[in-house]
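Below is one structure, written out as structure tokens, with a few remarks after it.
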Amino acid sequence: MYGSLSPEDIELVLGSQAVGRIGCHADGITYVVPISFTYDGQFVYCYTQEGMKISLMRKNPQVCFQTDDLVNMANWKSVVAWGTFEELAAGDERQEALNKLLRRTLPMISSERVHQSATWPFTNIHAESIDGIVFRIRLTNKTGRFERSTQSALL
């Protein structure tokens, strides 16, 4: 069975995943890149370093975001959303975003790129001491699809 996700299912997928992809475009360059994230019902929050995606999003803050819940090739859910990049350079909003990123559920083994500090995730340090760029994407439009199969995999 193939179909569209309900608004509630879209929210469940966004709230349960840790890795998504950002699509951005500026200066004739289109760039799609994976990134770890957390979602609070309105914003996708991310942590990164200077690079192409940040450069492009600063020039054109209109982005596309995608994540999926893949069980196998016959059982999956995928969400595509559009929104606006907002860099959180300092202050309470940056601290709040970092706190949300620290509280998210992650797989047992995670990449060093996900860690905001050398002592991550066991830290109470202030946001200003964490290097890197914190940003959020204000989601303005969301859609989702799914496929569900009851067939057993061939052995």
Members of the stretch 47-75 found to be over 14 Å from VAL32 (Cβ atoms) and under 12 Å from the mean Cα position of the chain (by Cα), listed by number: TYR47, THR48
Please go through (1) farther than 24 Å from THR143 by Cα; (2) touching an Asp or Glu at 6+ places or on another chain (Cβ under 7 Å); (3) of a type in the set (Ser, Thr, Tyr) for THR48 and return the number of the only condition it doesn't satisfy. (2)
Do any residues in the stretch 131-155 that are modelled with pLDDT of 95 or more have Cβ atoms under 7 Å from those of residues that are in a strand (DSSP E or B) and of a type in the set (D, E, K, R), where the two are at least six apart or on different chains, and which pairs are they? PHE135/GLU86; PHE135/GLU87; ARG136/GLU86; ARG138/GLU86; GLY144/LYS77; PHE146/LYS77
Only one of SER36, SER78, SER16 is under 17 Å from the mean Cα position of the chain (by Cα), farther than 29 Å from GLN95 by Cβ and polar (S, T, N, Q). Can you tell me which? SER78
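The values are calculated or read from the model by the stated rules, or taken from the named source; none is laboratory data. Bear in mind the structure is a predicted one, so any value in this text is a computation, not a measurement. FYI the Cβ positions are ideal-geometry reconstructions off the backbone, even for glycines, and counts take in every protein chain you see.
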